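Notes follow once the structure below has been shown.
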Amino acid sequence: MPNPRELIVKLLRNLGGRKEVEQYLKQFSSVEHKRFAVIKVGGGLLADDLESLASSLNFLHQVGLHPVVVHGVGPQLQAAFEAAGVDPTDWAQRTSPRALEQVRRVFRAENLRLVDMLEEMGARGRPVVGGVFAAELDEGERPGEQRARIVRVDTDAIDSSLKAGSMPVLASIGETAGGQILDLGPDLAAHALALRLQPYKIILLRAQGGLRDEYGDLISAVNLAEDYEPLLAEPWLSKSTRHKLELIHDLLGKLPRASSVSITSPDLLAMELFTHKGSGTLVRRGERIILHESLASVDLPRLAGLLTAAFGRPPVADYFTRKPFRRIYLADSYRAAAILTDEGPIPYLDKFAVTGEAQGEGIGGSLWLRMTRETPKLFWRARVDNPINPWYFQRADGSYTGGAWTVFWTGITDFPTIQECVERALAAPPTLEAAHTIGGAA
């Protein structure tokens with residue numbers, strides 16, 4: 001009979017391809033236990049989605065991965081304060097013995113609810129309420145108010161839990177040198193914990209899942225090296241999302257380059273972690289997109305290798321000598337490229353090539369934004385059976401399908417120019433050695 005890990009791996013393969021699932025499992029399993037992931041959980045999830053949360057954490061436990069979980073109790077503590085007649089906006093009342101007793105009680109109860117649910121599902125969880133975050137009080141923004149600041153993170157309880165094969169479940173509660181307890185909030189606690197542990201993943205779980213753009217569509221990835229400043233400049237970006245991005249930018253700047261932040265919901269956590277496509281928003285420090293005005297500064301063998309990997313076939317032998325190249329956008333790693341040529345009245349996107357791994361990191365999206373920001377008028381073609389076409393349809397202003405090809409354009413409004421672009425695209429000779437398979441515009 002298959003063991004639980006084998007069953008879980010089979011289930012994971014239903015979410016993504018076998019190679020990508022095994023690739024991520026190998027990556028995560030190679031990381032020291034306490035450096036696999038820090039998972040931040042808000043109190044709202046404990047109140048409204050406990051079973052889904054515990055199920056997702058148990059999923060990780062069953063494949064041998066042991067994250068460090070840190071949670072808050074915001075809604076529960078608010079309700080407890082109201083029941084006890086404590087005004088949480090009054091600092092004196094909030095730090096009174098009566099209020100601090102509520103803090104202790106609520107944190108302990110909510111922590112045990114999650115641990116008990118994990119145990120019921122077969123995962124080993126260990127409650128850690130206190131003894132991790134040493135904190136001090138600084139002056140707050142308003143007179144008479146104080147603000148918690150974490151000065152030290154002690155990992156003895158975390159190390160002991162992981163050594164025993166248990167998942168540490170930490171309450172975001174701090175203690176001062178004088179013994180006063182403080183409700184730190186899960187964001188502050190997770191930030192300090194990540195700086196201390198230097199994890200491979202930081203996972204922010206929330207009911208609404210990943211970040212959304214102005215149309216309500218999921219922002220699947222953010223490459224901070226390219227996307228951070230343009231995103232902050234967007235008028236539709238909410239104040240809370242802006243603040244979250246600023247915190248993530250600060251955090252990732254202090255962690256190893258391989259570290260990343262995933263923002264997703266509990267029920268989609270496995271898909272976010274184990275597939276290239278993901279399910280939430282993946283934020284990485286990322287890499288720069290370099291503009292090359294000519295082929296002189298391009299490593300042609302590496303570019304040819306990228307095209308081969310993305311399309312499944314190499315470019316034709318004379319590709320780099322006969323095409324009238326206009327601009328080439330290349331990721332630092334040569335895992336993504338956009339090749340623009342002069343084929344008509346406006347630039348032609350001859351190749352848009354992104355490896356599967358780079359798609360999972362959001363580099364393709366960053367490349368597209370950079371390219372269209374600097375070259376707003378474009379046309380290109382793709383085979384009618386290209387699996388990337390739904391992505392193209394979302395980004396194009398119009399399209400025309402003729403025979404084996406669909407021609408797309410953006411930024412063009414007059415019919416004669418559109419007609420000329422379509423005719424030129426449909427008449428263009430093949431530039432790959434064999435029929436198109438997958439990967440991008442050909």
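Calculated [222 nm] ellipticity per residue, helices only, for the chain: -12500 deg cm²/dmol; basis is -39500 (n - 2.57) per DSSP H run with n ≥ 4, divided by all residues, nearest 500.
Couplings for segment 178-184, taken from phi via the Karplus curve 6.51 cos²θ - 1.76 cosθ + 1.60 with θ = phi - 60°, read x, x, 6, 8, 9, 7, 7 Hz in order; Gly and Pro are left as x. Compute the FRET efficiency between residue 318 and residue 27 as 1/(1 + (r/R0)^6), taking r as their Cβ-Cβ distance and R0 = 30 Å, and round to the nearest 0.05. After rounding to 0.05, the efficiency reads 0.15.
Candidates 73, 317, 344 compared by Cα position along the dipole of the chain: farthest toward the positive end lies 317, with charges placed on Cβ. Computed from backbone phi, the HN-Hα couplings of segment 416-423 come to x, 5, 4, 4, 5, 5, 4, 4 Hz, rounded to whole numbers (Karplus: 6.51 cos²θ - 1.76 cosθ + 1.60, θ = phi - 60°; Gly and Pro given as x). If you average the alpha carbon positions of segment 410-427 and of segment 72-103, how far apart do those two centres end up, in angstrom? About 65 Å separates the Cα centre of segment 410-427 from the one of segment 72-103.
Positive end of the dipole of the chain (Cβ unit charges, origin at the Cα centre): among 209, 166, 188, the Cα lying farthest that way belongs to 166. A dipole drawn for segment 4-284 from +1 and -1 charges on Cβ atoms has a positive end, and of 273, 133, 177 the residue lying farthest that way is 273. With the cut-off at 1.5 for a/c, could you classify segment 353-431 from its C-alpha gyration tensor as rounded, prolate or oblate? Oblate, since a/c reaches 1.5 and b/c is not below a/b.
Charge dipole (Cα centre; +1 on Lys/Arg Cβ, -1 on Asp/Glu Cβ; no other charges) of the chain amounts to roughly 1040 debye.
When exposed loop sites are taken as trypsin sites (Lys or Arg not before Pro) in a DSSP loop with at most 15 other Cβ atoms within 10 Å, the longest stretch of the chain clear of them is 289-442. Close amide H pairs (under 5 Å, H built 1.01 Å from N) link residue 125 with 119, 167, residues at least 5 positions away or on another chain. For the chain, find the longest principal axis of its Cα atoms and tell me its angle to the long axis of helix 363-374, 0 to 90°, nearest 10. Relative to the chain, helix 363-374 is tipped by roughly 60 degrees. When only alpha carbons are used to place a centre, segment 359-398 and segment 215-250 end up 20 Å from one another.
Annotation for segment 167-245: GluC sites (Glu not before Pro) lying in DSSP loop with at most 10 further Cβ atoms inside 10 Å of their Cβ are 214. Annotation for segment 227-311: GluC sites (Glu not before Pro) lying in DSSP loop with at most 14 further Cβ atoms inside 10 Å of their Cβ are 293. Amide H to amide H distances under 5 Å link residue 212 with 219, where only residues 5 or more positions off or on other chains count and H is placed in the peptide plane.
Rule-based calculations on the coordinates, nothing more; no lab input. Model, not experiment: these values are computed from the prediction. Quick reminder, even Gly has a Cβ in these numbers, built from the backbone with ideal geometry, and neighbours come from all protein chains shown.
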